[in-house]
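Beneath this line is the structure, given in structure tokens, with notes to follow.
The values are calculated or read from the model by the stated rules, or taken from the named source; none is laboratory data. What you see is a predicted model; the values in this text were computed from it and never measured. In this analysis, Cβ positions are derived from the backbone assuming ideal geometry, glycine residues included, and neighbour counts consider all displayed protein chains.
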Amino acid sequence: MTTSNLKWSTKRLRIFLCLTFGIVINSLWACNPNATKQEGATVEQDTSQFSYALTSGEAFTMPAVLDEISGITYLATFPHTIFAVQDEEGILFTFDLKKGEVIGEFKFAGRGDYEGIASDGTHFFVLKSNGDIYSFPIGATDKSAVKQHNALLPNGEYESMAYDTQTKKLHVLCKSCKDDKKAKTTTGYQLNLSSDGALSVEKTFVINIDEIKQLDKTMGKSFKASAMAKHPTKEEWYIISSVDRALIVTNKDFSVQQVIRFERDTFEQPEGLTFDEQLNLYISSEAGNKAEAKIYRIKPKG
């Protein structure tokens with residue numbers, strides 16, 4: 001066989017093999033179209049059982065000082081008012097929803113990364129990202145009334161804290177903790193509030209990441225909680241992960257019931273969550289790449 005004929009035969013063999021390989025791959029795809037998924041693919045979610053339509057909220061624009069709004073809470077004794085913290089200054093902000101402006105500030109600590117806020121009706125509790133908790137009476141005007149609770153929680157990153165009016169306990173969730181990485185869980189801590197103002201860990205609980213993935217297969221291997229709140233009338237916890245752009249609903253034992261994904265056009269960086277006595281859901285979103293931060297008030301369906 002001449003050299004030219006050999007080259008021609010080799011070329012035809014390569015073409016034949018390529019065609020055969022293509023046919024095999026197409027056949028496998030036809031048998032299992034879900035064998036591979038494009039990165040970032042989404043799944044259709046059934047939100048019919050979710051109590052709120054996240055796209056229907058009334059928006060309140062935050063002043064520049066709250067561009068980094070990181071935690072919010074509501075007290076029935078202060079109607080039309082949201083109490084907020086931001087993740088650079090140790091200041092409690094009082095925001096009047098009717099006036100659309102900050103009407104009060106209380107400097108409870110120096111600069112730092114403050115991420116969550118909750119109240120039992122008599123005191124505010126503010127969570128720092130390292131797990132430290134600051135407490136002070138509602139209406140406090142002097143830093144001498146502030147208590148700092150250190151080393152309550154294991155080393156890690158924390159952003160979520162809420163008060164349960166039924167159990168009268170504080171709850172804190174890890175955002176990033178060492179033990180969770182191997183266990184595929186998000187660990188939480190239930191805290192006792194003593195009459196003298198002391199805090200102590202009563203027990204731990206976990207959110208199972210596999211339960212989240214069963215409801216939404218596009219979720220990652222972890223769930224980085226950034227806000228939490230207990231529904232006022234249902235035995236349900238609402239928990240946000242800003243990184244995952246998701247809100248999960250769990251039962252009272254933190255078993256996952258629903259997964260709701262956020263639309264980025266509306267929620268740039270959702271990091272705060274609370275309810276009012278009329279069951280309205282409030283979600284705060286940092287400015288991020290947008291001009292202003294927002295708080296959304298979302299009425300329950302029906």
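I'd like to know if region 186-194 contains one or more residues that are surrounded by 15 or more Cβ atoms within 10 Å (Cβ to Cβ), in contact with a Phe, Trp or Tyr (Cβ under 8 Å, 6 or more places away or on another chain) and under 21 Å from TYR74 (Cα atoms).
yes
What number of residues within region 62-94 satisfy the criterion of being over 20 Å from the mean Cα position of the chain (by Cα) and part of a strand (DSSP E or B)?
Residues in region 62-94 being over 20 Å from the mean Cα position of the chain (by Cα) and part of a strand (DSSP E or B): 5 in total.
Quick one: which residue in ASP132, ASP142 is on the phi < 0 side of the Ramachandran plot, without any contact (Cβ under 8 Å) to a residue 12 or more places away in the chain and either among the charged types (D, E, K, R) or assigned by TED's automatic domain parsing to the domain that holds PHE223 (or both)?
ASP142
When the residues of region 222-251 are filtered to those that are farther than 18 Å from GLY288 by Cα and of a type in the set (S, T, N, Q), which remaining residue is surrounded by the fewest Cβ atoms within 10 Å (Cβ to Cβ)?
Of everything passing the filter in region 222-251, THR233 is surrounded by the fewest Cβ atoms within 10 Å (Cβ to Cβ).
Find the residue count for region 174-196, including only residues that are touching a helix residue (DSSP H, G or I) at 6+ places or on another chain (Cβ under 7 Å) and not in a loop (DSSP other than H, G, I, E, B).
4
Looking at (1) over 16 Å from GLY139 (Cβ atoms); (2) of a type outside the set (S, T, N, Q); (3) surrounded by fewer than 17 Cβ atoms within 10 Å (Cβ to Cβ); (4) touching a residue at least 12 places away in the same chain (Cβ under 8 Å), can you tell me which one LYS99 breaks?
(4)
List, please: which pairs have Cβ atoms under 8 Å, are six or more places apart or on different chains, and start with a residue in region 199-215 that is in contact (Cβ under 8 Å) with a residue 12 or more places away in the chain and end with one that is of a type in the set (Asp, Glu)?
PHE205/ASP253
Would it be correct to say that GLU263 is over 28 Å from GLN190 (Cβ atoms) and either crowded, with 18+ Cβ neighbours inside 10 Å or in the same structural domain as ALA84 (by TED's automatic domain parsing) (or both)?
When the stated conditions are applied, GLU263 passes them.
Restricting to region 174-183, give me the number of residues that are under 15 Å from PHE205 (Cβ atoms), charged (D, E, K, R) and surrounded by 15 or more Cβ atoms within 10 Å (Cβ to Cβ).
The qualifying residues number 1.
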